[in-house]
Amino acid sequence: MTNLTEKMAEFCENIKFEKLPNEVIKRVKLLILDTVGIIIRARHDAESTESLISAVNRLDLNNGNCHVFSDKNSYVPSAAALINGTLAHSLDFDDTHAEASLHSSAPILAAAFAAAQMKNCSGQELIAACVLGYEIQIRLGLAGGASDHYKRGFHPTATCGVFGATAAAGYIIGLSKQQFISAFGIALSQSSGSMQFLNDGSWTKRSHVGQAAQNGLSCAILASEGFKGPIEAFEGKWGYLNSFVSGGDASKALTGLGKKFETLNLGVKPYPSCRYSHAAIDGLLELKKEISFNSDDLEEVDIGLSETALNIIGYPLSEKQNPENVVDGQFSMPFCAALVLKNGSFTWDDYKLNLKNKDILDLCKKVNVSPNELAEECCPKYMSANVKIKVSGKIYEKFVKIPKGDPENFMTDKEFEDKFDGLTHPYLNEEKLDELKKFMLRIDNANSIDTLFELSN
């Protein structure tokens with residue numbers, strides 16, 4: 001097999017901000033804006049945050065030199081990475097890569113933010129580190145193949161995320177090629193994340209990502225101090241591609257490396273739910289606008305999805321039709337469909353307002369899911385869906401190939417800002433909110449990123 005680890009390490013050692021295309025730089029700044037908005041809201045609103053912070057405090061990981069967004073306390077670097085990473089994924093509102101079927105910014109930015117505070121690095125260094133982390137994580141996801149990975153019960157955001165986090169942190173602290181190789185080898189033993197959370201609405205999906213950020217930072221630091229890791233982390237007999245998937249295809253990780261940036265293929269979420277539900281949500285919202293029906297007039301609803309999507313947000317149907325908590329709702333196609341059919345919109349606050357809403361839960365029972373050939377054909381490149389509704393005896397149907405937020409159907413700069421405003425306005429006054437946005441959108445001009453954390457409080 002191709003010496004994938006060595007080639008990835010070479011890429012890590014040689015990446016430079018000055019060589020990044022302008023469109024990649026701009027994209028990363030928008031991804032930072034998006035992620036920070038999510039973290040701020042999750043710091044105050046996610047039901048798992050209190051226990052997370054309490055555990056960190058009990059472990060005496062506070063009173064360090066690093067910070068968490070919208071938090072006046074300080075933490076040791078590893079704890080800051082853990083908290084920021086977990087918060088970034090706690091709303092399931094963070095960016096995704098469709099083909100690799102993973103979230104990128106949460107583990108990568110969290111590790112980079114912590115390393116950047118340790119080294120007091122510039123905005124340009126932060127951006128280059130993030131691009132590096134994105135590319136490593138996504139390309140490993142592509143090489144492994146999401147479907148095979150999921151079938152084994154792994155959460156790709158976390159398993160691939162620790163390598164991306166290692167790369168991002170490693171770049172900031174200045175690892176050499178050989179140190180990157182060791183760091184990836186160390187990270188191999190930290191690559192983890194089980195999909196078992198789908199069965200009971202637990203919070204581990206969120207902590208997977210924070211732990212990937214935390215572990216990635218630690219792996220980079222260990223390597224920088226001379227700690228040795230296996231040299232074939234990705235292609236070895238017990239390496240990532242032979243242990244976590246069935247051998248994979250290393251060429252997918254290397255194609256266009258350094259020239260074609262998978263960072264530009266990250267999609268951003270307009271709705272706070274599993275990305276596999278978004279094409280269906282788009283379709284239902286379009287039908288609701290076109291037909292202008294009342295949800296009481298709905299007789300039947302059928303959502304056609306790919307096999308991968310069905311296994312995550314569709315099956316078992318009886319459980320998906322009866323969500324009991326936020327995680328259940330985020331991964332329930334019937335619940336997401338019922339929300340938009342009833343309300344004509346979908347925001348983070350809808351979970352608190354509607355999880356116990358009888359009208360919404362009754363409507364869930366009308367939502368069926370089924371395999372769809374067109375959606376299957378589009379997968380994994382696109383998370384497509386077909387929606388069919390029966391209203392007053394008439395059937396209406398719409399197929400959505402590319403959901404809103406995908407690179408080919410991307411959000412505008414204003415939509416990014418509107419999403420940020422909607423997430424943060426309860427906790428930031430207008431002046432700070434505007435200053436924070438401006439700083440992030442010009443972060444490549446900053447000599448230090450400390451202002452990010454100051455403005456978030």
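The values are calculated or read from the model by the stated rules, or taken from the named source; none is laboratory data. Values in this document were obtained by computation on a predicted structure and should not be read as measured data. No Cβ is skipped: glycine too gets one built from the backbone with ideal geometry, and neighbour counts run over all protein chains shown.
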Quiz item: Assuming ALA79 fulfils every condition listed in (1) in contact with a Leu (Cβ under 6 Å, 6 or more places away or on another chain); (2) at positive phi apart from one, which condition is it?
Solution: (2)
Exercise. List every residue pair whose Cβ atoms lie under 7 Å apart, where the two residues are 6 or more positions apart in sequence or sit on different chains, the first residue falls within segment 122-144 and is modelled with pLDDT of 95 or more, and the second residue, located anywhere, is part of a helix (DSSP H, G or I) and among the polar types (S, T, N, Q).
Key: GLY123/ASN445; VAL131/THR263; TYR134/THR263; GLU135/THR263
Self-check item: Of the criteria (1) in a helix (DSSP H, G or I); (2) more than 25 Å from LEU102 (Cβ to Cβ), which one LEU428 fails
Solution: (1)
Quiz item: Can you pull out the residues in segment 351-377 that are closer than 17 Å to GLU47 by Cβ and either over 22 Å from the mean Cα position of the chain (by Cα) or free of Cβ contacts under 8 Å to residues at least 60 places away in the same chain (or both)?
Solution: LYS352, LEU353, ASN354, LEU355, LYS356
Quiz item: Are any residues in segment 435-457 touching a residue at least 40 places away in the same chain (Cβ under 8 Å), assigned to a helix (DSSP H, G or I) and not basic (Lys, Arg), and if so, which ones?
Solution: LEU436, MET440, LEU441, ILE443, ASP444, ASN445, ASP450, LEU452, PHE453
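Pick from ILE303, ILE291: which is in contact with a strand residue (DSSP E or B) (Cβ under 8 Å, 6 or more places away or on another chain), of a type in the set (Val, Ile, Thr) and surrounded by 21 or more Cβ atoms within 10 Å (Cβ to Cβ)?
Only one candidate qualifies: ILE303.
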Self-check item: Test set (1) surrounded by 15 or more Cβ atoms within 10 Å (Cβ to Cβ); (2) under 30 Å from GLU299 (Cα atoms) - MET440 fails condition number
Solution: (2)
Quiz item: So which residues in segment 146-183 are in contact with a Gly (Cβ under 7 Å, 6 or more places away or on another chain), of a type in the set (Phe, Trp, Tyr) and either under 25 Å from ASP94 (Cβ atoms) or without any contact (Cβ under 8 Å) to a residue 60 or more places away in the chain (or both)?
Solution: PHE154
Quiz item: Quick one: which of LEU59, LEU52 is surrounded by fewer than 19 Cβ atoms within 10 Å (Cβ to Cβ), in contact (Cβ under 8 Å) with a residue 12 or more places away in the chain and of a type in the set (A, V, I, L, M)?
Solution: LEU59
Exercise. Determine which single condition PRO380 fails, assuming it passes every other condition in (1) outside any loop (DSSP other than H, G, I, E, B); (2) under 21 Å from the mean Cα position of the chain (by Cα); (3) surrounded by 13 or more Cβ atoms within 10 Å (Cβ to Cβ).
Key: (1)
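Here is a yes/no grid of residues against (1) surrounded by 15 or more Cβ atoms within 10 Å (Cβ to Cβ); (2) touching a Phe, Trp or Tyr at 6+ places or on another chain (Cβ under 9 Å); (3) of a type in the set (Phe, Trp, Tyr); (4) part of a loop (DSSP other than H, G, I, E, B):
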| site | (1), (2), (3), (4) |
| --- | --- |
| ILE389 | yes, yes, no, no |
| PHE399 | yes, no, yes, no |
| PRO403 | yes, yes, no, yes |
| ASP418 | no, no, no, no |
